[in-house]
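Computed from the coordinates by the stated procedures, all read-outs in this text should not be read as laboratory data. Just so you know, these numbers come straight off a predicted model, no measurement behind them. Here the Cβ positions follow ideal geometry from the backbone for every residue, glycine too, while neighbour counts run over all protein chains shown.
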Amino acid sequence: MSEPDPPRPPDRIPGVLAPPRVGPLRADAFPSRLHSERNAAWLGVALGVTFTVCFLTGFLSHLIQHPPGWFVWPSRPAWAYRVTQGVHVATGLASIPLLLAKLWTVYPRLWTWPPVRGVAHLLERVSLVPLVGGSLFLLFSELGAIARWYPYPFSFPPAHYAAAWITLGALVVHVGAKLGATRLALSSRSTELLEEGAGSASGGLTRRGFLVTTVAATGLITLTTVGQTFRPLARFALLAPRDPRVGPQGFPVNKTANRAVAARATDPGYRLTVEGNVAHPLSLSLADLRALPQHQAVLPIACVDGWSASASWRGVRIRDLLGMAGAPHEPEADVISLQEPGVAYASSSLNRSHAADPDTLLALEVNGEPLHIDHGFPVRLIGPNRPGVMQTKWVTKVVVR
Ligand SMILES: Nc1nc2c(c(=O)[nH]1)N[C@H]1C(S)=C(S)[C@@H](COP(=O)(O)O)O[C@H]1N2
Ligand SMILES: [Mo]
């Protein structure tokens, strides 16, 4: 005895991204009605915003660290980099749940049939490889990097930078291809009504419930990480890799002094030299530096990893030292540490704005004590509105340009 054929499902369920019945898949290969066009559209809009903000703040950080001739990052306002880099890491972290939810919502589309419907469709589909691959690489390598985990043989910053451009290019193609469909999915009243009730019949999550859950997860991740740079939320920063209040002298250390650096830093023969394009090169002992006029400033360390911490610094103004050495008008300078040359972040540059700022210091003290060796004893560079990587520790040489 043969069973009657089950009713054939429609080829296309309105508002749902599962592919029609044609093609190699079973009709019910993607039974969930949460693969919704409207959810895909909303998640796409949210990701468009977070990716754009993340890209712009990341590009700014790149320009500051590798300035082309036309770009001068000013030393004021002192807090600007702290904010832009905090926003960069926060939007990157917020993108993770949004991206995972989006990928899950749309993945049935991979089985679209026929697989290619012409040149434009082919290009749109091929652009998904750099878009999805680039996004996943950016977000998850970033997640590793802020936890200081680099399980690959290449250097993180150049790979992150290249991946950002590749992803942006693919994103532009994707947005161009999907703009119409997104508008339609967000505006059509019929899909909205259809989706209101969908899901609840089977007792599962509704489509709106899925979106709300994704947004809540995104909010929770932001709330439990942004305290690493936004102090009022510091006590909620349970998922942040660093607590900005914990470390020697009350704030974190990224790079500790190795034995060689510590030996040179504590050597009684330590000298700070000011050389290069100057009329009278200087060579100063620690006692000489302490005898110079000291200046105090409250300034943040704002790490590219997204944490920041303010401290009260005291030391010699760079511009006073450059003046003593007879540097030219509006000088620029390289600040060089006791680390082996060539080691990442062993030196940094001061543009004319930072060199002239009265709060750009070679600090000898922090929060009323001589610097801890891991904070750069005997002398560190600290200036307003600079990335943490450019606040060079264990300074021994200033070369004027
Ligand atoms: N010489 C030197 N200075 C350096 C670094 C370094 O690797 N070498 N790391 C930088 C980074 S990435 C940051 S965030 C700050 C951290 O400062 P802190 O250790 O005082 O918190 O120091 C910067 N100064
Ligand atoms: Mo850093």
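Just a few scattered comments:
- Subset of the stretch 350-389 that is within 16 Å of ligand 2 (Cβ to nearest atom) and surrounded by fewer than 21 Cβ atoms within 10 Å (Cβ to Cβ) - its residue that is farthest from the chain's Cα centre (by Cα): Asp374
- The listed residue being within 16 Å of ligand 1 (Cβ to nearest atom), free of Cβ contacts under 8 Å to residues at least 60 places away in the same chain and assigned to a helix (DSSP H, G or I), out of Ala263, Ala287: Ala263
- Note on the stretch 348-401: residues that are aliphatic (A, V, I, L, M) and farther than 26 Å from His62 by Cβ total 7.
- Options Val343, Val335; residue that is within 13 Å of ligand 1 (Cβ to nearest atom) and part of a loop (DSSP other than H, G, I, E, B): Val343
- Subset tally (residues that are part of a helix (DSSP H, G or I), within 24 Å of the chain's Cα centre (by Cα) and more than 25 Å from Gly209 (Cβ to Cβ)) for the stretch 92-131: 5
- The stretch 353-401 holds strands (runs of 3 or more DSSP E) entirely within its bounds, and those carrying 2 or more residues that are away from ligand 1 (no atom under 13 Å from the Cβ) and touching a residue at least 24 places away in the same chain (Cβ under 8 Å) map to 361-366, 395-400.
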